[in-house]
Each structure stands twice: as C-alpha cells, then as structure tokens.
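Asker: Have a look at this one.
The values are calculated or read from the model by the stated rules, or taken from the named source; none is laboratory data. Here the structure is a predicted model, which is why all the values come from computation and not from measurement. Cβ placement follows ideal geometry from the backbone for every residue including glycine, while neighbour counts extend to all protein chains displayed. Areas reflect the complete protein model, heavy atoms only, side chains present, ligands, DNA and RNA absent. Shrake-Rupley method; radii C 1.70, N 1.55, O 1.52, S 1.80 Å.
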Amino acid sequence: MKISFYLNRDLVHADVDPHMTTLVYLREFKGLTGVKESCNEGDCGACVIALGERTEQGIRYHAVNSCLYPVIRLHGKHVVTLEGISDSDELHPLQEAMENEHGAQCGFCTSGIILSLFCLFLRNATPTDEAILQALDGSLCRCTGYASILRAARSLAAQVQTDEDIENHLTPAYFSGIPERLDSIDELIDENRKLAVAARDYFIPEDLHELFEILENVDNPSKLTLISGDTDI
Ligand code: FES
Ligand code: FES
C-alpha cells in the first residue's frame with residue numbers, strides 16, 4: 001500500500017522509503033526546489049513547508065521543517081510548498097510584500113520565511129509584532145538583519161483584518177476543497193493504524209492508548225523503532 005496525501009493541488013500516491021525525509025522527497029522526487037536544503041538538521045528553517053492537518057476546527061496549517069519530517073508521516077495531510085501558495089503565476093501577496101520591503105537578499109531563507117508567515121496568517125489574521133517574531137523564530141537569515149522581513153509582515157498585516165480577508169487575499173482558491181478531499185484519504189488507513197510501505201510496516205497511532213494497543217498486538221514489539229521528533233531517522 002502507498003501513502004496518499006495532497007501536495008499543493010494534487011493528490012499523490014507514493015510508495016516511499018520510511019527513512020526518507022520530506023525534504024529529499026519533495027526536491028528529488030517531485031522537483032519542488034522552492035523547498036531549500038541548508039543545515040539539514042532542523043536549525044535554519046530554509047526547508048519549511050506548510051503542513052495541513054485535520055482538527056475538529058478544520059484544517060490547521062503549521063510550519064514544519066521538512067528536513068526532519070519523515071515523508072511517510074505525510075499520509076492523509078496537505079503539504080504546501082512555495083509552488084502551491086498562489087493560484088496563478090502571479091506573486092502571492094506575501095512575496096510581493098517581501099519584494100517591496102527588500103526582505104530577500106541571497107534568497108536562501110526566503111521560501112521558508114514566506115511559508116512560516118503564510119501559516120501564521122492562516123491562523124491569525126491580525127498578528128502582533130510578537131506573533132510575527134515568534135513565527136520567524138525557527139528561520140535564520142544571514143543577510144537582511146530581519147528588519148525588512150518584519151516590515152514586510154507588518155505591511156501585509158495592515159492590509160488584512162479578518163478571516164475573510166485572509167480567505168480572499170492570502171489563501172489559494174483550491175484550498176476550499178482540501179478538507180473533503182483529505183477525508184476521503186482517511187479510508188485508506190486500516191483499523192490497526194498500519195501502513196505497509198516499501199515492504200515495511202509503519203504504524204501511525206494518534207495517541208498513547210493506540211500506541212500501547214499496537215505494542216500489545218504486534219508479533220515482535222522489540223523490533224519496532226519509535227519515531228517522534230527524531231533527527232536521526
Ligand atoms: S534545512 Fe535547515 S532546518 Fe531544515
Ligand atoms: S536573504 Fe540571505 S539568508 Fe536570508
């Protein structure tokens with residue numbers, strides 16, 4: 001069985017190596033070079049993607065370091081890269097704001113910064129300076145000194161005030177169909193929360209209770225490796 005998830009606009013079915021990172025998968029297998037590789041160990045934020053996960057309040061997007069995120073964990077989620085934040089070839093308002101305020105110099109950090117701010121605005125239409133700085137906490141920029149990036153985020157915050165503004169100006173139109181489309185992926189996970197990918201079993205418990213149930217029921221639990229926020233996958 002393959003994992004299934006939405007990558008920007010498209011449903012993807014992929015038979016992946018459970019040890020592969022999302023960064024490697026996106027750049028080398030999908031050609032999405034808007035995702036940058038720099039430190040490759042979770043320090044710089046160049047590789048940030050927006051990851052949409054279902055919650056009771058709908059899809060919630062958060063910034064994720066793709067260099068640390070096993071690709072197999074994308075199952076049932078929505079991955080958004082720089083290539084997926086606009087409906088057309090036009091610049092997204094965040095990109096325009098960065099351009100207008102000279103928020104990019106070498107540009108290596110820029111896509112991660114834009115995706116981090118994108119997630120912030122989807123959650124919070126009226127971010128304070130503190131919220132903006134917090135959203136940029138995981139992003140290193142060696143060129144700009146951050147002031148121009150902060151100005152860019154502020155200028156966008158001045159243009160949008162409500163969730164409706166965010167939906168109309170910052171969210172691509174194709175996002176509206178994503179919740180239903182993710183629901184249909186759920187049917188692919190069996191009742192044991194198990195995915196058999198690339199001839200290996202991979203379990204995705206949602207809580208400790210499910211984890212212990214799995215450990216009780218597999219043949220050889222000592223052979224299982226627990227992965228959670230691990231940098232050594
Ligand atoms: S490449 Fe630096 S955090 Fe991922
Ligand atoms: S613009 Fe060069 S690292 Fe940020």
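Asker: Identify the residue in the stretch 208-233 that is of a type in the set (Asp, Glu) and open to solvent by 80 Å² or more (accessible area, probe 1.4 Å) and, among all such residues, is modelled with the lowest pLDDT.
Answerer: Checking each candidate, the answer is Asp232.
Asker: Taking Cys109 as the residue in question, decide whether it is among the hydrophobic types (A, V, I, L, M, F, W, C), farther than 22 Å from Leu7 by Cβ and modelled with pLDDT of 95 or more.
Answerer: The answer is yes for Cys109.
Asker: Take Arg154 and tell me if it is within 16 Å of ligand 1 (Cβ to nearest atom), over 17 Å from the mean Cα position of the chain (by Cα), charged (D, E, K, R) and surrounded by fewer than 20 Cβ atoms within 10 Å (Cβ to Cβ).
Answerer: no
Asker: Next question, about the same structure. Only one of (1) more than 16 Å from ligand 2 (Cβ to nearest atom); (2) within 18 Å of the chain's Cα centre (by Cα); (3) surrounded by fewer than 21 Cβ atoms within 10 Å (Cβ to Cβ); (4) small (Gly, Ala, Ser) is not met by Gly138, so which one is it?
Answerer: Of (1) more than 16 Å from ligand 2 (Cβ to nearest atom); (2) within 18 Å of the chain's Cα centre (by Cα); (3) surrounded by fewer than 21 Cβ atoms within 10 Å (Cβ to Cβ); (4) small (Gly, Ala, Ser), only one is false for Gly138: (1).
Asker: Among the listed residues Leu68, Leu150, identify the single one that is within 24 Å of Cys39 (Cα to Cα) and free of Cβ contacts under 8 Å to residues at least 24 places away in the same chain.
Answerer: Answer to the selection: Leu150.
Asker: Scan (1) away from ligand 1 (no atom under 16 Å from the Cβ); (2) more than 20 Å from His62 (Cβ to Cβ) for the single condition Gly107 breaks and write down its number.
Answerer: Unmet for Gly107, out of (1) away from ligand 1 (no atom under 16 Å from the Cβ); (2) more than 20 Å from His62 (Cβ to Cβ): (1).
Asker: Here is a follow-up. Filter the stretch 5-46 down to residues that are open to solvent by less than 50 Å² (accessible area, probe 1.4 Å) and within 16 Å of ligand 2 (Cβ to nearest atom) and give me whichever is farthest from Arg181 (Cα to Cα).
Answerer: The residue in question is Cys39.
Asker: Still on this structure: Scan the stretch 89-128 for residues that are buried (at least 23 other Cβ atoms within 10 Å of the Cβ) and part of a loop (DSSP other than H, G, I, E, B) and jot them down.
Answerer: Selection gives Gly103, Cys109.
Asker: Another question, if that's okay. Which of the residues spanning the stretch 40-53 are farther than 19 Å from Arg9 by Cα and modelled with pLDDT of 95 or more?
Answerer: Cys44, Gly45, Ala46, Cys47 - these are the residues of the stretch 40-53 that are farther than 19 Å from Arg9 by Cα and modelled with pLDDT of 95 or more.
Asker: Yes or no: the stretch 80-87 includes at least one residue that is open to solvent by 10 Å² or more (accessible area, probe 1.4 Å), outside any loop (DSSP other than H, G, I, E, B), more than 19 Å from Ser155 (Cα to Cα) and in contact (Cβ under 8 Å) with a residue 12 or more places away in the chain.
Answerer: So far as the stretch 80-87 goes, yes, one or more of its residues are open to solvent by 10 Å² or more (accessible area, probe 1.4 Å), outside any loop (DSSP other than H, G, I, E, B), more than 19 Å from Ser155 (Cα to Cα) and in contact (Cβ under 8 Å) with a residue 12 or more places away in the chain.
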